[in-house]
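One structure below.
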Amino acid sequence: MRSTRALAVSATAVAALGLLAPQAAAWDTSSNIVAMPGAIARGGQLTVTVDGCPNGGWMSSRAFPKARLSPIRNHSETSKGTTTVNSSAAPGAYDITVHCHGKPALTKSAAFTVIGGVRGGLGGSSSSGATPTDMAIGGTLVGLALVGGGVFWMRRRSESKI
């Protein structure tokens, strides 16, 4: 009897959530903004597509200057824009604010992420050339090799006289 009552309450709760879910999804209009690629290096080109923006408009972010959105042909409700991420943008997640003509501003939080650059070929090293420690280690190894080679050569020479 108790399990039947618990099952009925659970089914009612699931049905209520199922009916409210479409309304909750309709409130989140920021999903209309898509930034590609989602992770981009400084100085890279970012393409933003906005659904529900038939007449174009403009977009802005702290990571790039204000850029124009143009309607896409054959997609009556979509606009698209391309911009270049500032070379001075700090690594991290950035919001995008879109202003479509005739509609209120729309912001998508953490729409894309700026990633930091990597020093290719240097293994992440920030110094150039050999450090004094590297020179000391290398010099010691060369010296040991010379001494070892000299000892080996002297022993071989004395063996050949016997």
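The values are calculated or read from the model by the stated rules, or taken from the named source; none is laboratory data. Here the structure is a predicted model, which is why all the values come from computation and not from measurement. As a convention, Cβ positions derive from the backbone with ideal geometry for all residues, glycine included, and neighbour counts pool all protein chains shown. Surface areas here come from the heavy atoms of the whole protein model, side chains and all, with no ligands, DNA or RNA. Shrake-Rupley method; radii C 1.70, N 1.55, O 1.52, S 1.80 Å.
Some points to look at:
- Accessible area of C100 (1.4 Å probe, protein heavy atoms only, ligands and nucleic acids ignored): about 20 Å².
- Among the protein heavy atoms, those of T133 account for about 90 Å² of accessible surface (1.4 Å probe, every chain in place).
- In Å², nearest 10: area of S88 left accessible to a 1.4 Å probe: 100
- Of the residues R157, R42, R73, ranked by 1.4 Å probe accessible area with the largest first, the sequence reads R73, R157, R42.
- Surface listing: L106, L46 arranged by accessible area from highest to lowest gives L106, L46, probe 1.4 Å.
- D95/H75 FRET efficiency (R0 41 Å; Cβ-Cβ; nearest 0.05): 0.95
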